[in-house]
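Please read the structure below before turning to the comments.
The values are calculated or read from the model by the stated rules, or taken from the named source; none is laboratory data. Since this is a predicted model, take the numbers as computed values, not measurements. All Cβ positions, glycine included, derive from the backbone under ideal geometry; neighbour counts span all protein chains shown.
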Amino acid sequence: MPRVRIVTVGILTAGMSGEVVAGVGFGVLAVLLGAGGVVAAIRTRRRRAEFAATYGSMGGIVYTVVQAGCSGVLMLGGLALIALVLLSRH
């Protein structure tokens, strides 16, 4: 049985198969989640820094660096996924 490809129709996805759109969508989702994680890390640091007595005992700057680093890796992974999907199309 021949392989059937589902082709999406739209302005941004004209001529792209469903697999490509799904891959790009997951990549965009990963980038957005990573960006949200970086913002959350910065906001958490600012909130905790207001209470200097407990800031150090709750992990301090180490917690913020680890959280922002993991979120940054998630963003890079999303960008790599988008690039991989778009490059494998050709």
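Some values worked out for this structure:
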{"read-out": "Selection within segment 59-76 - surrounded by 14 or more Cβ atoms within 10 Å (Cβ to Cβ), within 17 Å of the chain's Cα centre (by Cα) and of a type outside the set (A, V, I, L, M, F, W, C)", "value": "Gln67, Ser71, Gly72"}
{"read-out": "Segment 64-81 residues that are more than 16 Å from Val24 (Cβ to Cβ), paired with ones that are among the charged types (D, E, K, R) and part of a helix (DSSP H, G or I) (beta carbon under 7 Å, 6 or more apart)", "value": "Thr64/Arg45"}
{"read-out": "Unique match (being surrounded by 14 or more Cβ atoms within 10 Å (Cβ to Cβ) and either of a type outside the set (Phe, Trp, Tyr) or at pLDDT 90 or above (or both)) among Val39, Val20, Val4", "value": "Val20"}
{"read-out": "In segment 43-73, the residues that are in a helix (DSSP H, G or I) and charged (D, E, K, R)", "value": "Arg43, Arg45, Arg46, Arg47, Arg48"}
{"read-out": "Scope segment 80-90; condition surrounded by fewer than 15 Cβ atoms within 10 Å (Cβ to Cβ) and either in a helix (DSSP H, G or I) or at positive phi (or both); matching residues", "value": "Ala80, Ala83, Leu84, Leu86, Leu87, Ser88"}
{"read-out": "Matching residues, segment 42-58, being in contact with a helix residue (DSSP H, G or I) (Cβ under 6 Å, 6 or more places away or on another chain) and either touching a residue at least 60 places away in the same chain (Cβ under 8 Å) or surrounded by 13 or more Cβ atoms within 10 Å (Cβ to Cβ) (or both)", "value": "Arg45, Arg48, Tyr55"}
